[in-house]
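The values are calculated or read from the model by the stated rules, or taken from the named source; none is laboratory data. What you see is a predicted model, and the numbers here were worked out from it, not measured in a lab. Every residue, glycine as well, gets a Cβ built from its backbone with ideal geometry; the counts of neighbours run over all protein chains shown. These area figures cover heavy atoms from the full protein model, side chains too; ligands, DNA and RNA do not enter into them. Shrake-Rupley method; radii C 1.70, N 1.55, O 1.52, S 1.80 Å.
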Amino acid sequence: MSHSTYQNKWTECMQELMEQVQIEYLPAEAAEIGQLFEPGFQHFALLYIKYLQIYRKLEDCHDQMVHPQKRRNIRKVLKSTMVRILELKQQLIFYNPRTKNRFVALDEVLTDLKLNPETVEWKVPRYFLGDKECREEIEDKQNKIDHWLQVFSMPLEPESLIDEKDPFEIGLSIDQAVERIQKNERGRTGIQRAVMVCEWKRESMRKEERQKRQAERGDAGGDDLLESQVLAATRIAAHWKRKVDRRRFVRMREDEFEFLGMAPPRNDMKQNTLDEMRKQRDRRKKMQEDADDVYEKALKEQLEWLHKRKGADIKADLLEERRQWILDYCQLPDKGLKFPADFDEFYTRFDQEEEVPAGGKGKGKDAKAKPDKAKEAKPAKDAKKPKGAKAEEEPHEVGTSAVVQQFVEQINSYTEMWENRDESNNFDQRHDLELSRKAVFPIVEAELRSVVDEMMKEELANLKVLFAEAKKKKQKKPKPKKPKKPKPPKKWCAAVGMVANREDCVPELAEFGILKKVQPCHLSDFWGEYDYLGAMKRSHLPYCPPPSAQMIRSLLVEHCVLPLAAYDIRQKAPESLTARSLLLYGPKGTGKSMLARAIATEAGATFFDLSPAVIEGKSIQGKTGSDLLVYKVFLCAQDMAPSVIYIDQVDQVFQASKKKRGGDSNAPSRIKKALSAAIKQVKKGPDSTEQDRILFIGCTSRPFDETVDRKELMASFDEKVWVNFPDYGSRVMLWTKFMEQHGVVVDPTKLSVPTLASVSEFYSAGSIKQTVDNVLTARRGEQLKNRAPEA
């Protein structure tokens with residue numbers, strides 16, 4: 001596509017965003033007029049879907065546009081849109097018809113809007129992995145891991161975290177295997193003999209019938225050679241005509257199925273189109289990198305130019321402003337001709353507002369007595385509540401947030417800078433010099449401000465010394481009190497402070513196999529059909545049905561991938577939607593480990609494996625051995641953030657503790673206490689930092705086992721996701737996709753995939769894949785090139 005195409009798409013997005021902002025303010029405007037407008041699930045669902053549509057367009061524009069300044073502006077809007085979508089998701093969870101459920105079904109809303117299910121499908125921002133800085137950071141971490149794996153002579157191939165054991169394999173001894181082979185061979189030989197006997201009997205019966213017919217006709221009739229030749233030619237012609245007609249009707253049927261979309265096209269140009277699109281995207285990415293390099297150089301040049309040309313004027317203005325403030329401060333009557341005690345008052349002078357009591361200006365004793373009355377009015381903490389009284393719930397906030405105001409500012413900025421700008425002659429999409437100068441100006445001003453502030457601090461100190469009144473009597477200086485030693489922070493783990501150099505942990509964890517490389521995959525590889533009756537099931541059924549594949553993908557993107565990959569989104573997103581830990585539970589083979597790998601791939605995260613099978617026999621010395629292991633993993637995860645700490649068979653870690661001394665020092669449950677404490681150390685919200693981009697992922701197929709400490713397990717993990725067996729529609733998709741991976745294009749007229757989906761109920765996705773892999777071997781794949789599969 002051309003540059004103007006994405007420019008028009010960007011313009012369309014900003015217009016739609018303006019409409020959404022107006023809709024956001026409708027409840028407030030209705031309240032001002034006096035009308036009743038109570039937003040509910042339907043209102044927030046419509047906003048959520050519309051913002052998702054805007055987000056997909058903005059993400060496409062940011063990925064394909066070449067102009068560096070436009071891309072930076074689009075990224076700001078894109079991040080604000082993602083934060084607003086997360087806020088709306090929080091409202092949807094609150095108003096969810098299935099109360100206290102994190103999965104939201106939007107199929108009825110999509111039906112009302114006549115939209116496809118793909119509308120609510122999340123698309124992870126490609127700049128998480130594609131941007132130059134992110135890409136270089138990921139490459140540096142991978143090179144470090146490769147280096148230490150080579151040092152310890154460990155394989156460099158990424159792991160799939162999949163149990164390679166074939167579930168259809170039966171363990172047999174040699175004698176049992178020979179016995180079964182002999183039994184099958186005897187059966188095969190008997191079947192062949194029976195087939196041969198049947199053929200002999202048929203042939204003998206045909207021969208007898210021929211002889212009987214010849215005997216009936218006798219020698220008088222004879223064989224009319226011409227008549228028999230005509231009969232043979234007629235039969236051959238009839239057979240040939242039937243075959244030609246059959247081919248014609250089969251071709252007509254295939255054309256009809258292809259037209260209706262019920263069969264794959266014979267001349268499929270889809271792959272060629274996709275290849276061409278990839279080449280076009282790679283070409284635009286190269287243009288983006290070149291334009292960004294030129295823009296970065298231009299920013300440095302403009303920075304130097306502003307320092308040389310405008311620096312002196314800016315510095316003089318700043319000095320004059322601060323000196324005038326000092327003079328005005330001294331002339332205030334309530335200050336008594338005194339200089340400011342601290343220069344920081346220059347910045348805080350507008351924030352200091354006098355607190356006026358509600359009933360008027362309080363003075364004297366009455367004013368001082370008010371805080372005591374307020375204290376008396378507060379209920380005592382230890383006061384017991386009556387049994388029938390319910391705990392007061394905090395009111396749920398509904399309405400616009402600070403992000404909506406950011407949208408208004410960003411729309412105004414777009415209107416001012418880009419809406420009416422003529423870019424018809426900018427074929428190479430180079431940066432605008434004037435805009436780059438405006439972008440650099442705040443940086444120059446901040447640098448000069450810090451220099452001027454230091455100068456004014458010295459000047460203010462000199463003025464105080466110069467105009468200070470000489471004291472007649474020198475007062476004795478009181479002896480300075482010894483400062484109290486601050487209490488050391490409470491240790492969350494017994495091993496805190498035992499690691500002298502954090503860098504030494506990386507080779508040790510690589511040697512243990514905890515720090516590893518995993519096969520990359522994406523959330524889009526977690527196949528499954530959309531649940532078209534999700535809202536009805538979740539509102540009418542007495543039990544909660546398992547979430548569909550689309551619900552799982554959406555929850556993982558919103559609660560895990562976005563806060564893990566982007567630090568600024570983690571700070572602004574609702575804390576209830578920022579997951580520190582994730583529990584994936586369900587039957588074996590349903591894709592839990594694959595989802596863990598997908599999260600790490602989408603976020604570009606470092607992968608740590610703390611599974612019981614990996615840590616067995618490691619760091620068991622002493623009382624603090626297990627704590628030290630978890631502490632080292634946590635330190636490395638902070639330094640190499642974003643990070644994913646994976647614990648397979650987490651039910652073995654969270655075992656119900658028995659109050660006995662001298663337990664097994666090699667048991668997986670030895671890390672339970674340190675692991676729960678490490679999860680609590682991860683911060684979210686405005687207090688979070690770059691090092692808090694850590695996600696703990698636990699997987700288990702036995703969460704409700706009797707030996708599991710379910711209370712501690714549920715309390716340690718913020719999000720719990722049930723990954724169940726695929727439903728009928730998902731099984732149809734899985735059979736088709738897995739066969740296509742082997743190069744087999746499924747024709748529904750020859751192979752009944754719905755029948756396979758019906759007979760494979762309660763098959764996991766892994767079992768279906770292994771079935772296809774076992775059946776469609778390389779030899780059968782070669783045979784299927786000449787013969788299509790049949791039911």
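State all residues of segment 507-535 that are of a type in the set (A, V, I, L, M) and either under 21 Å from the mean Cα position of the chain (by Cα) or surrounded by 15 or more Cβ atoms within 10 Å (Cβ to Cβ) (or both); if no residue qualifies, say none. Matches in segment 507-535: Leu509, Ala510, Ile514, Leu515, Val518, Leu523, Ala535. If you go through segment 715-737 and keep only what is open to solvent by 70 Å² or more (accessible area, probe 1.4 Å) and out of contact with any Phe, Trp or Tyr (no Cβ under 9 Å at 6 or more places or on another chain), you end up with Ala715, Tyr728. Only residues that are within 25 Å of Glu256 (Cβ to Cβ), part of a loop (DSSP other than H, G, I, E, B) and out of contact with any Pro (no Cβ under 7 Å at 6 or more places or on another chain) were counted in segment 751-772, giving 1. Among the residues of segment 573-618, those that are within 18 Å of Val124 (Cβ to Cβ), touching a helix residue (DSSP H, G or I) at 6+ places or on another chain (Cβ under 9 Å) and either in a loop (DSSP other than H, G, I, E, B) or open to solvent by 10 Å² or more (accessible area, probe 1.4 Å) (or both) comprise Ala573, Thr578, Ala579, Gly591, Met594, Thr601, Glu602, Gly604, Ala605. Filter segment 773-782 down to residues that are open to solvent by less than 80 Å² (accessible area, probe 1.4 Å) and part of a helix (DSSP H, G or I) and give me whichever is nearest to Gly528 (Cα to Cα). This residue is Asp773.
Matching residues to (1) surrounded by fewer than 19 Cβ atoms within 10 Å (Cβ to Cβ); (2) free of Cβ contacts under 8 Å to residues at least 24 places away in the same chain:
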{"residue": "Met65", "(1), (2)": "no, no"}
{"residue": "Arg75", "(1), (2)": "yes, no"}
{"residue": "Leu78", "(1), (2)": "no, no"}
{"residue": "Met82", "(1), (2)": "no, no"}
{"residue": "Phe94", "(1), (2)": "yes, no"}
{"residue": "Phe103", "(1), (2)": "no, no"}
{"residue": "Asn116", "(1), (2)": "yes, yes"}
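The number of residues in segment 536-572 that are hydroxyl-bearing (Ser, Thr, Tyr) and either surrounded by fewer than 21 Cβ atoms within 10 Å (Cβ to Cβ) or over 12 Å from Phe103 (Cα atoms) (or both) comes to 3.
Determine whether Arg72 is out of contact with any strand residue (DSSP E or B) (no Cβ under 9 Å at 6 or more places or on another chain) and part of a helix (DSSP H, G or I).
Working: out of contact with any strand residue (DSSP E or B) (no Cβ under 9 Å at 6 or more places or on another chain): yes; part of a helix (DSSP H, G or I): yes.
Here the answer is yes, as Arg72 does meet what is asked.
Scanning segment 118-146 for residues that are without any contact (Cβ under 8 Å) to a residue 40 or more places away in the chain and touching a strand residue (DSSP E or B) at 6+ places or on another chain (Cβ under 9 Å) yields a total of 0.
Each residue in segment 407-447 was checked for being polar (S, T, N, Q), open to solvent by 50 Å² or more (accessible area, probe 1.4 Å) and under 34 Å from the mean Cα position of the chain (by Cα), and 2 pass.
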